[in-house]
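Quick notes on the structure that follows.
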Amino acid sequence: MMKLVEGMSAVVTGGASGLGKASAQALADAGLKVTIFDVNEEAGEAHARAIGGTFARVDITDEQSVAEGFERARSAYGQERVTVHCAMTSRRGKTLGWDKESGAYKRLATEDYAFGAEGILVSSYRIASHSALGMANSEPLNEDGERGAIVLTASVAAQDGQIGQVIYGSCKAGVNGLVLPMARDLMDVGIRVNSVMPGIFATPLMLGMKDRNPQMWDQLNASVPFPKRLGEPEEFASLILEIARNSYINGHQFRLDGAIRMPPK
């Protein structure tokens, strides 16, 4: 087991809200010193204060910003031993969509796809590899020679990609695709890599629908086999803690979805 001891350092991207916020809270509750990476300075700083951690404004699509964020985190609390990557940015669109103005099909721009690939897949590699480099140059934590754990956030869309999710679904599948080769790349330095595929969770984005479209909200809850509700961010965070603690969890992708399988639309 990788003991989550008091004062151990952790980094959580997207820690200002949603799944990242809950993960940062859970790690802090376990005694870790958490640095939140986010672009939302007000919310990020507020949550960092609330959990006794620190905040770094980090743009996950910018190499220098990420490097500086890790430098700040390590200056504050030492080498992170747990990294949870929840932040992302993307765009939506079908491969081909009907353009009413021209009366013809329009192709989703390659630039839009590249934007999502950078904001989901490339950023996942960026965060994981920067963290792994720091971990690799640190002392082992236990008799297994373990130096740290990295958890990436994929999505059930990686396996159940819906209409309009060609960017999101394929890039989240790419996140899952990083896991095993990276875990094997890092086996000699004792760093574990895993991913979680959340289903429909009650994040701020989804909670906004509750008032805007209560009928759609009810339908979403009813679509989950059991329990018949959206996932709670705290349930995602609970799995993050177990992955971090359990040294035998490595190179794996976990669905966390109440048994939902998404239809085409």
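Given (1) in contact with a Leu (Cβ under 9 Å, 6 or more places away or on another chain); (2) modelled with pLDDT of 95 or more, where does R261 come up short, assuming only one miss?
Looking at each condition in turn, R261 falls short on (1).
Only residues that are acidic (D, E) and in contact with a helix residue (DSSP H, G or I) (Cβ under 8 Å, 6 or more places away or on another chain): list them for region 38-72, please. Break it down into steps so the answer makes sense when it comes.
Here is the first cut: in region 38-72, the ones acidic (D, E) are 38, 41-42, 45, 59, 62-63, 68, 71.
D38, D59, E63 - these are the residues of region 38-72 that are acidic (D, E) and in contact with a helix residue (DSSP H, G or I) (Cβ under 8 Å, 6 or more places away or on another chain).
Taking the options A104, A158, name whichever one is closer than 30 Å to R245 by Cα and small (G, A, S).
A158
Among helices (runs of 4 or more DSSP H) lying entirely in region 177-265, which contain 1 or more residues that are in contact with a Pro (Cβ under 9 Å, 6 or more places away or on another chain) and touching a residue at least 12 places away in the same chain (Cβ under 8 Å)?
Helices (runs of 4 or more DSSP H) meeting the threshold: 233-245.
Tell me the residue from A16, A67 that is at pLDDT 95 or above and touching a Gly at 6+ places or on another chain (Cβ under 8 Å), please.
A16
Looking at this structure, is A149 hydrophobic (A, V, I, L, M, F, W, C) and assigned to a helix (DSSP H, G or I)?
No; evaluated as a whole, the condition is false for this residue.
The values are calculated or read from the model by the stated rules, or taken from the named source; none is laboratory data. Since the model is a prediction, treat every value here as computed from it, not as a measurement. Quick reminder, even Gly has a Cβ in these numbers, built from the backbone with ideal geometry, and neighbours come from all protein chains shown.
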